[in-house]
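This report refers to the structure that appears directly beneath it.
The values are calculated or read from the model by the stated rules, or taken from the named source; none is laboratory data. Values in this document were obtained by computation on a predicted structure and should not be read as measured data. Cβ placement follows ideal geometry from the backbone for every residue including glycine, while neighbour counts extend to all protein chains displayed. Quick note on the areas: whole protein, heavy atoms, side chains included, nothing else; ligands and nucleic acids left out. Shrake-Rupley method; radii C 1.70, N 1.55, O 1.52, S 1.80 Å.
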Amino acid sequence: IQGSLTETVLMADGPTSGTEKGHQWVDMGLPSGTRWATCNLDASSPSQPGKLYAWGEITSKTTFSESNYKLKNVNYDIAGDFAFDAATKNWGGGWRMPTAQEFGELVFYCDWKYEKEGGRWGVRFTSPTTKKSIFLPATGYKYGNEHDNPNTCGNYWTSTPVSKGACMYRYGAALGELSDAMLCCGLAIRPVLGKATHIETPVSGTTSGYDW
């Protein structure tokens, strides 16, 4: 665009909920604009835990051990990588695992309550700005064949590696924090979408004194 002529673009507030590739999301009003799925990966309702995954594996299994862990020498953030991100592989491009920073943002900016939904304990995060909420049901975790705390605690992968494993979000009745977990352990996944950009252009206006 030459000279003093400028383009007028109006940024409009977008919807606070929607569907992407058949899966529902809500806008939690976070600074990053990250949109969170309303259900776990492989769950058909918010109160279902879904399946458990080892970090970086794109299929679930029943036994989780170091001997049957498939991923080797991956030390970068796997968010959005079709080869290693189970959310992206199973729900399609756009969907991905949340980073540690995005989970931390959810915890910091939203209200937090331990409650029951659909007969299952879990944590409900509610946005003070959009008033939308998501329920993260208790999932427990698996190492070997043992499924620990499946009805009381939540253990969720992030896409972010750490020196001796990967970062997870975990909670109990009085605990909610980011911590480290062994890569071979079985944890749940709550997919996310990146920030949506909503642009509206006006149908008329005035630029440099000239109507258009």
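Some observations on this one:
- Rotationally averaged projected area of the chain (alpha carbon convex hull; nm²): 14.9
- Per-residue SASA entry for residue 111, accessible area with 1.4 Å probe, Å² rounded to 10: 90
- With a simple spin-label model that places each label point 7 Å from the Cα along the Cα-to-Cβ direction, the separation between residue 149 and residue 111 comes to 2.5 nm.
- Hits among aspartates and glutamates - C-alpha to C-alpha of residue 113 under 20 Å, sequence gap 8 or more where chains match: 27, 102, 105, 177
- Expected 222 nm ellipticity per residue - DSSP helices of 4 or more, -39500 (n - 2.57), all of the chain, to 500: -2000 deg cm²/dmol
- Surface accessible to a 1.4 Å probe, per residue, for the residues of the chain, Å²: 51
- For the chain, modelled as a GNM whose springs connect Cα atoms under 10 angstrom apart, the maximal fluctuation among 144, 172, 22 occurs at 22.
- A simple count of charges around residue 54, restricted to other residues whose Cβ falls under 13 Å of its Cβ and scoring Lys, Arg +1 and Asp, Glu -1, yields +2.
- With 29 Å as the limit, the listed pairs 61/164; 61/195; 131/164; 116/142 have 61/195; 131/164 beyond it between alpha carbons.
- Extended-chain gain in nm, criterion 0.36 nm per residue less alpha-carbon gap, residue 130 and residue 174: 13.3 nm
- Share of carbon and sulfur in the accessible area of the chain stands at 50%, probe radius 1.4 Å.
- Taking 13 Å as the straight-line reach from the Cα of residue 70, the aspartates and glutamates in range (excluding those fewer than 8 positions away in the same chain) are 57.
- Fully extended contour minus Cα-Cα distance, from residue 45 to residue 162, at 0.36 nm per residue: 39.0 nm
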